[in-house]
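Everything on this sheet refers to the single structure shown next.
The values are calculated or read from the model by the stated rules, or taken from the named source; none is laboratory data. Only a predicted model underlies this, so the values are computations on that prediction, with no experimental measurement involved. Here Cβ is always computed from backbone atoms with ideal geometry, including for glycine, and neighbour counts include all displayed protein chains. Each accessible area value is taken on the protein alone, full model and side chains, heavy atoms only, with ligands, DNA and RNA left out. Shrake-Rupley method; radii C 1.70, N 1.55, O 1.52, S 1.80 Å.
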Amino acid sequence: MAGAAISRSGIGAPVDRVEGRLKVTGAAKYAAEFNEAALLHGHAYASRITKGRIAAIDPSAALAVPGVLDVLTHENRPDLPLLRRHYQDEVASPGIPFVPLWSDKVLFAGQPVALVVAETAEIARYASSLLEIDYEEEPHETDLKEALHRAAAPWRTRKGYVRPKSRGDAPTAFEAAAVRIDGEYHLMPEHHNPMELFGTTVVRHDDGRLTIYDKTQGALNSRNYISKIFGYGGDEIQVLSPFVGGAFGAALRPQHQLFLAVLAARHLERSVRVVMTRQEMWSLQFRPECYQWVKLGAEPDGRLAAIVNHAVTNSSRLETYTDNIVSWGGMLYRCDNADLEYRIAETDTMTPGDMRAPGAATGVNLFEIAMDELAYAAGVDPLELRLRNYAEKDEMHGIDYTSKALRECYAAGAERFGWARRVFEPRSMREGRELIGWGMATGIWEAMQSKTACRATLRADGRLEVATGTADIGPGTYTMMVQVAAERTGLPAERIEAKLGDSTLPYAPVQGGSWTAASTGSAVALACETLRTRLYEMARDLPDSPFASTGIDDVRFEDGEVVRNVDPMNKRMRFEAILEAAGCPELKVEETAKPGMISMMRKARNSHSAVFAEVRVDEELGVMRVTRIVSACAAGRIINPKIARSQILGGIVFGLGMALEEESMMDHRLGRFMNHDLAEYHVPVNADLFDVDIIFVEEQDEEVNPLGVKGVGELGVPGTAAAIANAVFHATGKRIRDLPITIDKLL
Ligand code: MOS
């Protein structure tokens with residue numbers, strides 16, 4: 001950056017998280033940890049049936065428990081606005097949003113049907129067990145397999161959902177192809193399982209204003225949602241979410257506990273907290289189950305002639321949740337014929353929701369297993385197959401990428417992994433009683449940017465604050481903001497403070513889609529550039545200015561000083577000295593960074609990866625260990641290699657879970673997820689992880705956004721599960737098309 005010194009804490013430096021100390025010492029407070037004298041606690045009582053209606057609720061036994069203040073149900077709740085638009089949030093799927101306590105109807109298992117409010121959480125939970133509810137049950141349909149015949153193309157889609165674009169005549173080309181594979185692939189539903197439970201603490205002030213501590217990926221989204229429903233004006237409520245203990249998409253939309261806590265706080269005119277239990281988290285959104293049918297036709301050398309990729313996922317009866325599942329293979333590989341089709345089937349469940357790399361995690365991983373099958377059908381090395389089909393363009397839209405260093409990822413990853421030493425034949429590598437398998441796959445995700453505003457304030461003591469309403473759910477947003485501000489202003493990081501997670505700060509969308517570094521980062525950069533210009537002008541216009549009759553290019557900003565390029569020893573001024581001399585107590589600017597709409601359409605923006613995995617399988621027991629993973633990632637410029645690495649690592653853990661462990665199992669007779677705790681829903685733990693090696697292939701991309709960053713929050717997931725599944729095939733010779741690959745499927 002012209003004019004700014006390269007600093008130890010600027011862009012590209014592997015600095016520690018600025019909020020790390022607060023988190024490891026417990027000083028960082030989460031939504032359910034903000035306390036208040038005389039705080040009440042609400043417990044949401046979950047429906048025991050999956051579909052039907054509540055014929056009667058008798059709360060008298062619950063109300064008789066000492067310490068219980070009230071039981072709110074659909075019968076006695078305060079009046080609410082009738083129109084659905086009042087309940088639609090920034091990232092809602094089209095349809096009718098679910099509202100707790102709306103009516104006597106039960107639409108899914110675990111639906112909150114009553115809120116018991118008491119002096120302690122324990123009393124509320126106990127009293128809720130005394131509620132007497134008569135249900136009228138109706139038959140439910142929750143099994144996606146049973147619902148496949150009524151799946152239909154989504155006619156209402158979310159903002160940003162792109163209908164897959166077919167090309168050529170894939171069915172005919174498939175029939176004529178020399179090499180063909182044809183399979184049904186399946187992914188079980190998954191739940192996000194962030195460590196921090198969903199919780200909201202509503203602090204009610206005497207004048208009726210509310211301060212709301214909410215677990216959310218978007219403080220402004222929560223604020224706007226509550227404002228619309230309850231009719232609050234601009235400064236009557238404030239939503240704060242300074243720290244978030246994991247979310248992975250689960251906290252993009254306002255969740256039940258936010259609504260319930262506000263409802264109770266207003267009704268009782270008290271401060272109220274509602275926290276969902278771990279079990280109840282299974283009644284919130286989930287990554288939908290998916291059936292995907294892939295047919296690939298190729299020339300004898302493996303060059304693709306036809307891609308047929310159809311998929312079905314489920315949504316609820318209320319809303320149409322769509323995922324971008326079938327496009328990825330059609331984008332990634334050169335092929336004249338692609339037939340892409342996506343349908344959804346309504347089931348009696350809560351609406352599914354975004355979960356880390358939504359769509360791509362499912363679609364890319366299942367498709368890349370099919371690509372491995374094609375490699376074996378054609379007798380071509382799996383990496384060589386990807387190279388023979390390499391596309392320079394986005395093949396689905398026929399447009400160029402702003403940058404695409406996937407070829408370099410393949411090369412760097414293969415080199416580090418030692419792919420050249422692989423023996424093609426399955427079951428050909430072993431050590432003792434363990435079969436060794438090496439598999440690989442391609443990963444891809446989007447590089448999005450959303451309109452975001454940032455306020456930069458330089459104070460009299462020379463300290464800078466950069467503030468925006470975004471969230472930091474863990475990807476290092478605080479740190480990223482400080483690094484960008486340090487680079488743009490030349491201030492040392494210790495003198496910069498980032499503020500976020502507050503609905504009173506300048507506009508930012510929810511944190512999601514891996515767009516925050518590009519969006520918030522660009523806003524911080526823009527605000528700091530404006531601040532720099534204003535500060536320079538202020539200094540230049542001082543009487544006897546050392547910068548008299550200069551232009552901004554004649555100075556640089558380093559270590560908290562404006563320094564003239566000519567005669568730097570004598571012509572320099574500290575930031576705080578400039579403010580003081582100008583009689584300005586603080587310098588405040590606000591800027592909004594937004595993507596250029598036309599350039600957005602003209603070029604594809606994606607991050608890519610090449611993932612290589614080694615598994616060792618105990619032949620007699622079927623036990624699998626993923627002993628090595630190499631992921632080579634091209635995600636533009638990397639702001640902080642240390643934190644970016646842990647983002648990809650976290651994504652790889654998700655991919656490992658998808659490949660071998662994670663699945664939410666429903667008993668369809670009950671319509672309820674049965675393994676609803678962390679004992680029975682397996683997520684990978686440290687003992688499941690061995691050697692993970694992450695390589696960043698940096699791309700110089702000036703088109704994707706002003707910072708040249710593509711985001712790394714989600715890129716670790718697509719490709720990883722497939723690389724592991726393909727390694728399991730290479731080890732055992734067994735092709736499992738149904739994720740996760742649990743031992744029972746292997747034996
Ligand atoms: Mo992410 S699933 O967009 O939080």
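Some points to look at:
- Residue within region 430-453 that is within 30 Å of Pro585 (Cα to Cα) and either open to solvent by less than 10 Å² (accessible area, probe 1.4 Å) or of a type in the set (Val, Ile, Thr) (or both) present: yes
- Selected residue (criterion: nearest to the chain's Cα centre (by Cα)) from residues of region 625-645 that are open to solvent by 30 Å² or more (accessible area, probe 1.4 Å) and within 25 Å of Ile741 (Cα to Cα): Arg628
- If the condition is being in a strand (DSSP E or B) and of a type outside the set (Lys, Arg), then region 664-716 contributes Met666, Asp667, Phe673, Asp691, Val692, Asp693, Ile694, Ile695, Phe696, Val709.
- Considering residues of region 232-243 that are of a type outside the set (Ser, Thr, Tyr) and touching a residue at least 60 places away in the same chain (Cβ under 8 Å) only, the residue farthest from the ligand (Cβ to nearest atom): Asp235
- Test for Val308: is it open to solvent by less than 10 Å² (accessible area, probe 1.4 Å) and either closer than 28 Å to Tyr376 by Cα or of a type outside the set (S, T, N, Q) (or both): no
- Selection within region 244-295 - open to solvent by 10 Å² or more (accessible area, probe 1.4 Å), under 20 Å from Pro100 (Cβ atoms) and within 16 Å of the ligand (Cβ to nearest atom): Leu252, Arg253, Pro254, Gln255, Met281, Gln285
- Selection from region 552-580 of residues that are open to solvent by 90 Å² or more (accessible area, probe 1.4 Å), out of contact with any Pro (no Cβ under 8 Å at 6 or more places or on another chain) and part of a loop (DSSP other than H, G, I, E, B): Val566, Met569
- The one condition in (1) open to solvent by 10 Å² or more (accessible area, probe 1.4 Å); (2) at pLDDT 95 or above that Val239 fails to fulfil: (1)
- Top-ranked residue in region 71-102 [being assigned to a loop (DSSP other than H, G, I, E, B) and touching a helix residue (DSSP H, G or I) at 6+ places or on another chain (Cβ under 6 Å); ranked as most open to solvent (accessible area, probe 1.4 Å)]: Ile96
Conditions tested, residue by residue: (1) without any contact (Cβ under 8 Å) to a residue 12 or more places away in the chain; (2) assigned to a loop (DSSP other than H, G, I, E, B); (3) more than 16 Å from the ligand (Cβ to nearest atom).
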site	(1), (2), (3)
Pro506	no, yes, yes
Pro509	no, yes, no
Ala523	no, no, yes
Glu529	no, no, yes
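- Scanning region 581-616 for residues that are in contact with a helix residue (DSSP H, G or I) (Cβ under 6 Å, 6 or more places away or on another chain) and surrounded by fewer than 19 Cβ atoms within 10 Å (Cβ to Cβ) returns a single hit, Ala582.
- Any hit, region 572-586, residues being over 20 Å from Ala486 (Cβ atoms), acidic (Asp, Glu) and modelled with pLDDT of 95 or more: yes
- Here the condition is being within 16 Å of the ligand (Cβ to nearest atom), assigned to a loop (DSSP other than H, G, I, E, B) and open to solvent by 10 Å² or more (accessible area, probe 1.4 Å); of Pro475, Pro426, it holds for Pro475 alone.
- Meets criteria (touching a helix residue (DSSP H, G or I) at 6+ places or on another chain (Cβ under 9 Å) and part of a loop (DSSP other than H, G, I, E, B)) for Ile639: yes
- Taking the listed residues Gly329, Gly363, Gly359, Gly353, the one that is touching a helix residue (DSSP H, G or I) at 6+ places or on another chain (Cβ under 6 Å), within 30 Å of Pro189 (Cα to Cα), in the same structural domain as Asp738 (by TED's automatic domain parsing) and within 16 Å of the ligand (Cβ to nearest atom) is Gly363, with no other qualifying.
- Counting only strands (runs of 3 or more DSSP E) that sit completely within region 122-210, zero hold 1 or more residues that are buried (at least 20 other Cβ atoms within 10 Å of the Cβ), touching a residue at least 12 places away in the same chain (Cβ under 8 Å) and among the acidic types (Asp, Glu).
- Selection over region 691-717 of residues that are closer than 23 Å to Leu383 by Cα and either surrounded by fewer than 23 Cβ atoms within 10 Å (Cβ to Cβ) or touching an Asp or Glu at 6+ places or on another chain (Cβ under 8 Å) (or both) gives a count of 7.
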